[in-house]
Amino acid sequence: MSDIRDDARASFTETFGGEALGVWSAPGRVNLIGEHTDYNEGFVLPFAINRRTVVALGLRSDTVIRVASAYTDEVAEIALAELTPDRLQGWSAYPLGVAWALGEFGADLAAVPGVDIFIDSDVPVGAGLSSSAAIESAVAIALNDVWQLGLTREALARVGQHAENTAVGAPTGIMDQSASLLGKPDCAVFLDCRSLDAEIIDLGFAAAGLAIVVMDTGVSHSHATGGYVDRRTSCERGAREMGVESLRCLDADDLPRAQEILDEVTFRRVRHVITENQRVLDTVRTLREQGAAAIGGLLDASHRSMRDDFEISVPELDLAVETANANGAIGARMTGGGFGGAAIALMPEASVSLLQVALDGAFAEHGYSPPDTFVVTASMGAVREP
Ligand code: GLA
């Protein structure tokens, strides 16, 4: 961690000259369970991970914002007062979108000082670990501090989501930013996406000798186009045809009526959301009453529901999940928006290296490139670094 923090400071000086005023960081996330439930006002249970995006920031004497990053050589520059979503594109739409969205949440962009920002990260991009929310949350917490806006972390999560929805154009929910801003070590964030009430839930993985392994398939995905948008539209149609404001208003008792009213595909989409919400509640209860070793069946059921009903898995993710379960995992599922990215496995720490070998073998046998496999721990949400 100290490495990217130091790198970001050094790169700031190299790019902009002078010393950064400070460094802020925010983590990526793994969603333990509760997929495609957030924009349906349902329940999610993500945790912040020990992979972070770091922002080194300096104040300017004018009202210009400049952003540079380790991702590209491009330095984006614009007057704060001229920020509008349609002027933003490419990777800089994430950080600049946050500055714009802070304006929508009350910052006076004509009065705040300009800033230079350098961004570095060790959250893998495209793995479904929310590298985008990590950028948004790190920039949001940094600007909230230096512009003295006094916004709460919950409000900053909405700022990040607004930037992603409006400036980037991806119609994503509130889960990723909430995990990145509210996460605590060895805990998950149990979020009710209707009330936005968040509760911190002990995971107890380390005490139980368990690890979460991320199996990044390397299959890339985008949430601004294609499947994600299509699934969201199906959910909205399902809610409309069932006569409710959101799918959150439905539970298992509504399934027979849903099957009668809805076309076959929409019914399966709706069934995923209804059963996934229940699995989040069951996971929270099981963690409290029996501990982490007892949640494996819920993770497996979640994966089957995403594979068969919501149809957002891909063969590489299914293979990762099957291989994990055949090699000592307690449970496994794809995580994030789907159509690529990563799956996670909950397993005894002692079996992790065996799984890595098994995955390489299974992927080679199917002619797939080897997955990137690594352990993550539940970590602290966004902070100002010392
Ligand atoms: C992406 C989105 C989230 C959420 C998940 C699916 O990560 O950014 O808001 O919808 O997909 O659970």
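Only the coordinates and a few stated rules stand behind these numbers; no lab work does. Worth saying up front: this structure is predicted, and the values here are computed from it rather than measured. Every residue, glycine as well, gets a Cβ built from its backbone with ideal geometry; the counts of neighbours run over all protein chains shown.
Kirkwood hydrodynamic radius of segment 293-386 from all distinct Cα pairs, in Å?
The Cα-based Kirkwood calculation yields 14.0 Å.
Could you tell me the relative contact order of segment 204-376? Use alpha-carbon pairs under 8 Å, at least six residues apart, and round to a whole percent.
After rounding, I find 35 percent.
Mind putting together the pair-distance distribution for the chain? All Cα pairs, 20 Å bins, whole percent per bin, short to long.
Per 20 Å bin, starting at 0, the Cα pair percentages come out as 30, 56, 14, 0.
Mean separation of Cα pairs under 8 Å and 6+ residues apart, divided by the residue count of the chain: what relative contact order is that in percent?
After rounding, I find 23 percent.
Per the Kirkwood treatment, what hydrodynamic radius in Å, one decimal, follows for segment 30-86 from the mean inverse distance over all distinct Cα pairs?
15.3 Å
Local charge sum around Glu35 (other residues, Cβ-Cβ under 14 Å, Lys/Arg +1, Asp/Glu -1)?
Cβ neighbours under 14 Å give a net charge of +2.
What number, rounded to the nearest 500 deg cm²/dmol, is the helix-based mean residue ellipticity at 222 nm of the chain, given -39500 (n - 2.57) per DSSP H run of at least four residues and division by all its residues?
Helices in the chain give a 222 nm mean residue ellipticity of -12000 deg cm²/dmol.
Going by how many other beta carbons lie within 10 Å of each one, how would you line up Leu83, Leu32, Leu299, Leu281, fewest first?
Ascending Cβ contact count within 10 Å gives the list Leu281, Leu83, Leu299, Leu32.
What does the net charge come to around Ala207 if you take all other residues with beta carbon closer than 13 Å to its beta carbon, with K and R at +1 and D and E at -1?
-3
Given an 8 Å cut-off on Cα distances and at least 6 residues of separation, report the relative contact order of segment 40-192 as a percent.
Once divided by the residue count of segment 40-192, the mean separation gives 35 percent.
So, counting K/R as plus one and D/E as minus one, what does the shell of residues with Cβ under 14 Å around Arg288 add up to?
Every neighbour counted, the sum reads -3.
Using a Gaussian network model on the chain with a 10 Å cutoff between Cα atoms, which of Thr373, Thr323, Thr84 fluctuates the most?
Thr84
Considering all projection directions equally, how large on average is the shadow of the alpha-carbon convex hull of segment 204-376, in square nanometres?
Over all viewing directions, segment 204-376 projects a mean Cα-hull area of 10.6 nm².
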